[in-house]
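To start, the structure itself, in C-alpha cells.
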C-alpha cells in the first residue's frame with residue numbers, strides 16, 4: 001500500500017487539503033505520467049474523523065485496489081495492445097508492425113492523460129493516521 005507523510009494545509013468538512021513533496025510521492029507511482037494533478041496539494045478524505053489544524057502532519061495512503069488498477073492501466077493494457085498490433089500487422093513486415101505497435105502505445109498514454117484531465121478523475125487518497 002502506498003503511504004506518505006503529508007502536511008495539513010486546510011481543513012474542510014468532508015476531508016482535508018494536504019501539501020506534499022511531489023518528488024518523493026510521485027517518483028514511485030506507476031501512474032505519475034497520467035496523473036490529473038499538476039499541483040503540490042490534493043484533497044484527502046478523513047473517514048476516521050481526526051481533528052486536524054493547518055500545519056499538522058498526517059499519514060496519507062492509497063488503497064491497494066487503486067495500485068492494482070494503475071498497474072493494469074500502465075503495464076497490462078499497453079502490453080496487450082502491443083502484442084495485438086504486432087499480430088494484426090504481422091504480414092506488413094517487422095519494421096512496420098513494430099513501429100505501428102509503438103505508436104499505438106504512445107497514443108494510448110496520450111489519450112489516457114487527456115481523459116484523466118478532462119474527466120477530473122483521480123485516485124481517492126485517505127488519511128490513515130495523525131502524527
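Details
- Residues of the range 1-53 that are at pLDDT 75 or above, surrounded by 17 or more Cβ atoms within 10 Å (Cβ to Cβ) and out of contact with any strand residue (DSSP E or B) (no Cβ under 8 Å at 6 or more places or on another chain): none at all.
- Check on residue 71, surrounded by 15 or more Cβ atoms within 10 Å (Cβ to Cβ) and over 30 Å from residue 13 (Cα atoms): no
- Residue within the range 55-77 that is part of a loop (DSSP other than H, G, I, E, B), at pLDDT 80 or above and under 23 Å from residue 129 (Cα atoms) present: yes
- Taking each residue of the range 94-111 that is on the phi > 0 side of the Ramachandran plot and assigned to a helix (DSSP H, G or I) and looking for partners that are surrounded by 11 or more Cβ atoms within 10 Å (Cβ to Cβ) and at pLDDT 90 or above with beta-carbon atoms closer than 8 Å, six or more apart or interchain, yields nothing.
- Checking the stated criteria, residue 129 turns out not to satisfy the condition of being in a loop (DSSP other than H, G, I, E, B) and modelled with pLDDT under 90.
The values are calculated or read from the model by the stated rules, or taken from the named source; none is laboratory data. As the structure is a computational prediction, the values presented were derived from the model and not from experiment. When we count neighbours, we look across all protein chains shown, and the Cβ atoms used for this are built from the backbone with ideal geometry, even at glycine.
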